[in-house]
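What follows draws every value from the coordinates through simple rules; no lab data is involved. The structure displayed is predicted, hence computed values, not measured ones. Note that we place each Cβ from the backbone using ideal geometry, even for glycine, and neighbour counts take in every protein chain shown.
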């Protein structure tokens, strides 16, 4: 039962493999949740979930998505019946959304002109039109190996807004088809072992996650995640409070943008999120970019990178070239005192296991504050992010580059040609102010700042340091959407405007552009 303590020793080499510390050794005292498909909330649902956590003590984390659907439902079931009317409404909103996803599935068609715009939590990354279908969740299998599954598919216009040459239907095509919201999950000893195609959101931000956000096509991979989020029944782990752990391996689907691109690299994501006090949630993240065409990617190299923090290796006759490109870091969300409806949050992501300390350093940073009304209708947030490294105020020098780029991976930290982290890209400083009206399903955001790379997508031929041809420079813009109900349909018109002061338009990534569209969505009948 003490094996999890030994794993914490790996902090010396890789900093954030503390995420493995539990692996989990003493969860055997828990009553396991049944396996379930992953659940990614809408922005409205996340707003209600955060209210229930902050005001009613809901026992989940809110900076790590997706979570197992049954884990969220079990936490809802454990809530006290003595809730205020507005919190009862929040609980009913979540329960209804979970019920529809579990029993009915969902259909969604989004029609928009080909244009790029910032992508926040729960928003569609596609700079164009898309159609998406996902089935209801199914639960089956023998008692000793329970299973859950869901099938989803997305057909969309090419998500790489900088791409100008297209062939076929695959990752180089004008139209692409891919699995999305698909999962096959087995429950084993308190963990969901899963194959999946979905997005993640790792971090406390509303507009940006510095790593693994909504700006990219769904990852297709395999991994494990704790099947519950409630506090552990173990005396060794109970201090963690509500917690979750996830680790997965997925493969990128980038178009070829440069001749020496390591095509089809592996992305290894590891995160542990815990809430040791009711007023604080902590996230520990490590992400690795490795392998791909022309690079080492054997099982020994993968294990060496994941478990020892090794970042240097020789290959193909060269000496001491990076075996991988890694980011790691920390985030925290802090609640205001009970009765004061506000919170602050911070995220730091840096070069993984570099320097003398073998801990993450050279950080990109994000910080924000949020307030919500006592009625639960409104939420307002202000968020500032910098994807320059060395971006702490006390650093001796600032703005020297981005952790999203690594010389041995010239396509950048991307999937589908799009930034895996913030949609504002590398070398950016952006302030976002947002207003969420949950009752009217209305969202309004305004942006200002600057970036040295194009919005949303990245191509080193047009936006590498010293080769700033594409749209960049001072940025200003806004985005808004409003949902309406019509019979079984939810109809959401949207409008966005962005302006970048320098460079020239490439593909559908323009220096100034207006994007308009409308989304039709509904639950499917049984």
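Here segment 168-215 is treated as a sphere whose radius is the Kirkwood value from Cα pairs; by Stokes-Einstein at 37 °C and 0.692 mPa s it diffuses with a coefficient of 243 µm²/s. Here the label points at residue 277 and residue 461, each 7 Å from Cα along the C-beta direction, are separated by 5.3 nm in the simple model. Full extension of the segment from residue 103 to residue 524, taken as 0.36 nm per residue of separation minus the current Cα-Cα distance, would add 150.7 nm. The length gained by stretching the chain between residue 369 and residue 95 to full extension, at 0.36 nm per residue less their Cα-Cα distance, is 95.9 nm. Compared with the direct C-alpha span, the chain from residue 377 to residue 236 gains 46.8 nm at full extension, assuming 0.36 nm per residue. Going from the fewest other Cβ atoms within 10 Å to the most, the residues 121, 196 appear in the order 121, 196. Centre-to-centre, using Cα atoms only, segment 63-117 and segment 358-432 are separated by 27 Å.
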